[in-house]
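Worksheet: the structure to be examined is printed underneath.
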Amino acid sequence: MAAEAPPEPAPVQTLDVVELPELATPDTEAGQTEPPGERLASEGDTETPPPRVLETDSESWERPGSQPARPDLPDEDRIGFLEAAEAARAGNVNISATEPAEEITIATGTVDGRVKRLRPGTIEVSDDEGNVYELRIDGRSRGLRRGRHIPLRTITEGTPVRASFDLVGGGESLARDIQLRR
């Protein structure tokens, strides 16, 4: 009689674990124990506008290294965006380990509406429900009319548009395609 083969062991399920860096602010590193929400504003809390208007068609607009992407975000929102960026990095082998979390795309979106306001490096689009989307213009932002590229500086307030954007780990929405509509 033939001997029976021993049963195969059950497959082992592995779990990849990603360790997130500690997100400490300068206040907590210094050992200060201020309760949240009671921090006084300082001179570094004001955001200075970028030096250019919508003229980034051929070059990338770079934020000065010392200026945070969204200094007006509450800490818990900022931490949430950074954690989402780290989760996106862990789930996508195409995202470099050296890419700053603030620059990792965590979501994409599209808004249909009208250009409400143009500011240096920023376009605000208001949808039909009154929501306003502040989209930062960078080197990947482009204007389109009937599928053809147009200079971003030709877009005016009140123009109907469909704007696609990337939400990145720094909490900003970066304009991608701004399509002029009829």
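Bear in mind that the values in this text are calculations on the coordinates, not laboratory data. Quick caveat: nothing in here was measured; it's all calculated off a predicted structure. Quick reminder, even Gly has a Cβ in these numbers, built from the backbone with ideal geometry, and neighbours come from all protein chains shown.
Please note which strands (runs of 3 or more DSSP E) are completely contained in region 99-182 and include at least 1 residues that are within 30 Å of residue 87 (Cβ to Cβ) and free of Cβ contacts under 8 Å to residues at least 60 places away in the same chain.
Details: elements: 105-119, 122-127, 132-136, 142-145, 148-150, 160-168, 173-180.
Those strands (runs of 3 or more DSSP E) span 105-119, 122-127, 132-136, 160-168, 173-180.
Can you tell me which residues in region 129-153 are farther than 16 Å from residue 164 by Cα and of a type outside the set (Lys, Arg)?
Matches in region 129-153: 129, 130, 151.
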